[in-house]
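Right, one structure below, let's go through it.
The values are calculated or read from the model by the stated rules, or taken from the named source; none is laboratory data. Keep in mind it's a predicted model, so treat the numbers as computed, not measured. Note that each Cβ is placed from the backbone with ideal geometry, even for glycine, and that neighbours are counted across all protein chains shown.
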Amino acid sequence: MSIAIIAVGSELLLGQIANTNGQFLSKVFNEIGQNVLEHKVIGDNKKRLESSVRHALEKYDTVILTGGLGPTKDDLTKHTVAQIVGKDLVIDEPSLKYIESYFEEQGQEMTPNNKQQALVIEGSTVLANHHGMAPGMMVNFENKQIILLPGPPKEMQPMVKNELLSHFINHNRIIHSELLRFAGIGESKVETILIDLIDKQTNPTIAPLAGSHEVYIRLTANADSKEQAQSLIQPVKQEILDRIGEYYYGSDDTLIEQAVIKKIHEPFVIYDGITNGALYHRLKEVDLNDVLKGMINHNENFVDINKPIEQQLKDAVQFVNKLFNVSSAIILLEYDGVVHIGYDNNLEFKTEQFKMSKSRNLLKNRSQNYALIRLLNWLRTTN
């Protein structure tokens, strides 16, 4: 099923509030194997709203609208959708009684415009609002579905969880996901390499996600059992790894530093001319076997910076190995905008390099994961 989400409200366009509803709905529907393919924000303008809904109905199976169900003149969503589907607005008696009881309990007089909140589109499936007043609704139209939800997150989120999702979930089937984690590659490159798989996705669905200097791909399958779902995911996962497996470090809750430290079995140290100790602290935090014995920041008193960079790497290895009395070391140095990595395990000395901008603190922060994925690939070949 393909889904478009349209958030309605001029306050969103003015930046007065954030569109957290879109984020919430995308997460929820992707987790149950549905494809959210478009987000849009529309102000309180009937003509533009109608145009956006009609356009979305041409492209997608389901259109979800949030906001515009309240009692004021600028709450236009259900009136606009009613016009599109050619239905009248009618009073939903349970919703009206709920609204009336609220005002009675508060000892307040209910104004006529509040009664409008009980209006629903004729023939729709009403979604009760137990955290506010305006009910949501589901409308079938020309083999498509339009869903109207309240704008306030405190009303919308419980309505989705308690009233809406049961209409989308087959309770006799299992939803299972695996999150593939990648480092050293950008989201745009991932999408370019995998675009044919993304375009033809069915079951499982493929959802690329950007992380902090990482990229994730969530594979979600719908099947009769967890084992069947896993068997659906496996060939798609393998196809992805065949293409970008050199950047893959693990799935689900695995951290890249965990993947690296598990591959190191001998004591080692770090000589750091890039991250100012940040890489050491990440690895040490997951070092359950105490194989990381220490680190030292780069200083020209330790390594002669006038020598060729390859010799600097070798000199750094000798310096820290002697200082800490170990035989393995990771070296990080920068020269002319290029990060140089050296890894020595007493059997062989390997080096690699990659370019990294010094702006926006990228040299310190992004270089960590770029270095770790390269180190992990080296360790995979030696273990």
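Figures for the structure shown
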{"read-out": "Sole exception among (1) in contact with a strand residue (DSSP E or B) (Cβ under 7 Å, 6 or more places away or on another chain); (2) in the same structural domain as Asn369 (by TED's automatic domain parsing) for Gly250, by number", "value": "(2)"}
{"read-out": "Residue ranges of strands (runs of 3 or more DSSP E) in segment 275-374 with at least 2 members out of contact with any helix residue (DSSP H, G or I) (no Cβ under 8 Å at 6 or more places or on another chain) and not assigned by TED's automatic domain parsing to the domain that holds Phe182", "value": "349-355"}
{"read-out": "Top-ranked residue in segment 268-301 [being free of Cβ contacts under 8 Å to residues at least 24 places away in the same chain and buried (at least 17 other Cβ atoms within 10 Å of the Cβ); ranked as nearest to Tyr370 (Cα to Cα)]", "value": "Tyr280"}
{"read-out": "Among the residues listed as Asn129, Asn143, Asn113, the single one being within 17 Å of Asp75 (Cβ to Cβ) and either without any contact (Cβ under 8 Å) to a residue 12 or more places away in the chain or exposed (fewer than 13 other Cβ atoms within 10 Å of the Cβ) (or both)", "value": "Asn113"}
{"read-out": "Sole residue being over 15 Å from Leu209 (Cα atoms) and among the hydroxyl-bearing types (Ser, Thr, Tyr), chosen from Ser26, Ser10", "value": "Ser10"}
{"read-out": "Restricting segment 161-184 to residues that are touching a residue at least 24 places away in the same chain (Cβ under 8 Å) and part of a helix (DSSP H, G or I), the residue that is surrounded by the most Cβ atoms within 10 Å (Cβ to Cβ)", "value": "Leu164"}
{"read-out": "Segment 46-100, subset within 10 Å of Val8 (Cβ to Cβ) and out of contact with any strand residue (DSSP E or B) (no Cβ under 7 Å at 6 or more places or on another chain), residue surrounded by the fewest Cβ atoms within 10 Å (Cβ to Cβ)", "value": "Asp74"}
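Yes/no matrix, rows are residues, columns are (1) assigned to a helix (DSSP H, G or I); (2) under 38 Å from the mean Cα position of the chain (by Cα):
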residue: His79; (1), (2): yes, yes
residue: Glu104; (1), (2): yes, no
residue: Val120; (1), (2): no, yes
residue: Ile146; (1), (2): no, yes
residue: Met159; (1), (2): yes, yes
